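The values are calculated or read from the model by the stated rules, or taken from the named source; none is laboratory data. Quick caveat: nothing in here was measured; it's all calculated off a predicted structure. Cβ placement follows ideal geometry from the backbone for every residue including glycine, while neighbour counts extend to all protein chains displayed.
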Amino acid sequence: MVKPLRVGLLLSRTPIITPKPAPFLQAYYKYMSELEKRLMWTFPSFFFFKKGTLTQRKFNELQKGPIARNKNIIFAQGEPDVHFNRDRRFKQEIILEPDEQEKVREQPTVTEADTKNDIKSLERKIEQTLYLLVNLKSENKWKLPSFEVPDNARSLHYAADNGLRSLGGDSMNTWTVSYTPAAVLKSKDNVPEFLIKKHILQGVFQPDANVEFAWLCKNEIKEKVDEDYFKQIEVLL
Amino acid sequence: MRTHLVRNFSTSSALLGRTGVSIVPPVHHLIRFKKSQLSDKARPPKSWVTSAGFRPQITRHDRLRQHYNDTLASDLLLLNYTHNETTVEGARRKPRAPVTPYSVYQPSKPLPQHTQPTKDIKPRTSENIPHLERISINCFAKPAIENRDLAITAKVMLQHITGMKPRDVFAKTNLPMFHLRPGMPVGAKVEITGEAMSQFVSTLTELVLPRSRTFRNISGKCGDGNGNIGLKLTKHDITLFPELENSLELWPETFDIDLIVHTSAQTDREARTLLSGLGFPVSSEIRK
């Protein structure tokens with residue numbers, strides 16, 4: 001008699017874009033980058049725009065020159081320190097053609113799935129990692145997908161893969177991070193559940209009608225699952 | 001009444017309400033200093049804002065680091081993890097056994113022929129997940145032997161693509177048949193860390209390598225045995241860096257460069273896995 005085993009799946013969708021830093025961090029970055037610009041070397045326009053060329057003329061016309069130093073004038077707020085057409089007391093501001101600047105446009109990070117609160121979509125919360133949670137109607141309990149390991153199974157990750165295909169169909173592309181299980185979960189019936197970590201790369205999870213599913217981030221998982229269960233999987237998320 | 005003064009980083013005397021140096025000729029040295037202030041010990045380190053060499057290190061959100069922290073680190077830990085692992089001792093000279101009063105004063109046992117000493121491989125934990133340490137870039141500009149000005153071109157080229165100030169490389173050997181003499185400038189080199197390294201890696205993996213016609217992939221066999229990976233970029237690849245691409249007519253010549261990516265990985269295989277996760281194309285043929 002083979003000891004019964006269960007295999008679970010930690011199927012995640014990794015962040016699609018870099019998250020926006022916290023407001024305090026943004027302020028810190030802004031301060032440091034302004035300080036860096038202040039200390040930066042003068043832009044060598046003589047290197048990029050050769051003397052007497054049309055491009056040099058166009059570039060020079062766009063620039064706002066510094067206030068020139070004049071020995072006959074008393075500068076109350078400090079004398080200009082002009083070198084290569086830059087006041088070295090300040091950061092150098094280089095003005096480019098307006099069309100060039102307009103090319104970079106920030107796109108919204110809130111997607112259509114976010115506004116509709118479509119928890120079945122993979123395009124929600126693109127700044128965070130999402131994990132697949134399922135709710136079988138027979139059990140009526142949200143948890144990570146888990147399957148019985150058949151006696152003739154070749155290995156845990158094969159069993160996990162077969163289980164995922166039988167539950168969610170064949171129309172997705174996943175990558176198994178490692179054959180090593182990421183964790184063992186304890187259950188009341190004393191059957192250990194080994195968690196295999198996977199990433200979804202492409203496609204959709206399409207289960208039967210009697211299975212509910214959701215792609216959720218860590219905070220949302222906490223609200224959906226039992227407290228004891230969340231304590232066990234918290235470190236993995 | 002004195003109004004708000006703009007600070008000059010070259011001199012801070014103005015802030016204190018004095019001129020600092022004499023501006024009325026004849027100019028003499030009027031700044032009082034002690035000789036001990038001129039020693040290296042008295043100079044503030046570069047990390048201090050009062051130092052002349054100060055440069056802010058963290059100026060923007062690091063995308064590569066964020067990706068590493070969010071996704072890569074936990075994956076690498078699981079990938080490299082082996083259950084009940086113990087330290088694998090590296091090859092090194094060991095004392096002779098058994099220890100006798102005679103053997104204590106004997107030289108230690110040499111390694112077998114053609115084997116280099118290697119480091120111990122410690123069990124993989126969350127403390128030693130491989131990460132990028134630094135990238136050293138070396139550019140040997142061969143045409144600089146004929147035309148020594150091209151060594152400056154190589155230096156400026158490295159400065160453009162890395163954003164850091166490179167150092168000169170001088171010839172050490174005397175090779176009369178190549179007209180090479182010791183002391184001739186033959187190229188430039190630079191080591192990048194932190195933000196500059198992250199920027200360089202993302203430019204390389206997102207803009208340069210995908211468009212390169214010559215670069216195939218990082219071989220599945222490469223590495224120096226300590227988790228450091230070397231790769232080469234040809235002079236055509238260099239022109240794909242956006243810093244050079246938009247002003248190609250300014251560059252009479254570009255040069256091949258050698259990169260060495262230093263990682264904290266214990267084996268080459270782990271280092272290659274890390275690079276693959278960072279977006280470098282790595283060949284699938286495997287060697288430990």
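Restricting region A:185-205 to residues that are within 14 Å of chain B (Cβ to nearest Cβ) and more than 21 Å from A:Asn152 (Cα to Cα) leaves a set whose member that is surrounded by the most Cβ atoms within 10 Å (Cβ to Cβ) is A:Lys197.
Has region A:26-35 got any residue that is farther than 30 Å from A:Val235 by Cα and more than 13 Å from chain B (Cβ to nearest Cβ)? The answer is no; no qualifying residue exists.
Within region B:103-145, being among the small types (Gly, Ala, Ser), in the same structural domain as B:Gly225 (by TED's automatic domain parsing) and outside any strand (DSSP E or B) holds for B:Ala141, B:Ala144. Applying a threshold of 6 Å to beta carbon distances and a minimum spacing of six or more residues, or different chains, the list of pairs starting in region A:7-18 at a residue that is within 14 Å of another protein chain (Cβ to nearest Cβ) and in contact (Cβ under 8 Å) with a residue 40 or more places away in the chain and ending at one that is acidic (Asp, Glu) and in a strand (DSSP E or B) is empty.
Table: residues versus (1) part of a helix (DSSP H, G or I); (2) closer than 19 Å to A:Gln202 by Cα.
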{"position": "A:Ile73", "(1), (2)": "no, no"}
{"position": "A:Ile95", "(1), (2)": "no, no"}
{"position": "A:Pro108", "(1), (2)": "no, no"}
{"position": "A:Thr115", "(1), (2)": "yes, no"}
{"position": "A:Asp118", "(1), (2)": "no, yes"}
{"position": "A:Glu123", "(1), (2)": "no, yes"}
{"position": "A:Tyr131", "(1), (2)": "no, yes"}
{"position": "A:Ser138", "(1), (2)": "no, no"}
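Based on this model, can you work out whether A:Glu93 counts as under 24 Å from B:Asn246 (Cα atoms), away from chain B (no Cβ under 11 Å), touching a helix residue (DSSP H, G or I) at 6+ places or on another chain (Cβ under 9 Å) and surrounded by fewer than 14 Cβ atoms within 10 Å (Cβ to Cβ)? So A:Glu93 fits the description; yes.
Scanning region B:260-279 for residues that are buried (at least 18 other Cβ atoms within 10 Å of the Cβ), assigned to a strand (DSSP E or B) and among the aliphatic types (A, V, I, L, M) turns up just one, B:Val261.
Restricting region B:57-99 to residues that are within 25 Å of A:Ile126 (Cβ to Cβ) and small (Gly, Ala, Ser), the residue that is farthest from the other protein chains (Cβ to nearest Cβ) is B:Ala73. Here the condition is being assigned to a loop (DSSP other than H, G, I, E, B), farther than 30 Å from A:Tyr158 by Cα, modelled with pLDDT of 90 or more and not hydroxyl-bearing (Ser, Thr, Tyr); of A:Gly65, A:Gly52, it holds for A:Gly52 alone. Entry remark, region B:229-258: residues being within 30 Å of B:Val88 (Cβ to Cβ) and surrounded by fewer than 18 Cβ atoms within 10 Å (Cβ to Cβ) number 1 in total.
Within region A:144-182, the residues that satisfy the criterion of being on the phi < 0 side of the Ramachandran plot, assigned to a loop (DSSP other than H, G, I, E, B) and away from chain B (no Cβ under 14 Å) are A:Leu144, A:Pro145, A:Val149, A:Pro150, A:Asp151, A:Asn152, A:Ala153, A:Arg154, A:Ser155, A:Asp170, A:Ser171.
Take the residues of region A:47-60 that are away from chain B (no Cβ under 11 Å) and closer than 28 Å to B:Gly163 by Cβ: which is surrounded by the most Cβ atoms within 10 Å (Cβ to Cβ)? Per the stated criteria, the residue is A:Phe59.
A single member of B:Thr82, B:Thr100, B:Thr59, B:Thr86 is modelled with pLDDT under 90 and in a loop (DSSP other than H, G, I, E, B), and it is B:Thr100. Put simply, of A:Ala68, A:Ala22 the only residue that is within 30 Å of A:Val177 (Cβ to Cβ) and exposed (fewer than 11 other Cβ atoms within 10 Å of the Cβ) is A:Ala22.
Once region B:192-218 is narrowed to residues that are touching an Asp or Glu at 6+ places or on another chain (Cβ under 9 Å) and in a loop (DSSP other than H, G, I, E, B), the residue that is surrounded by the most Cβ atoms within 10 Å (Cβ to Cβ) is B:Phe215.
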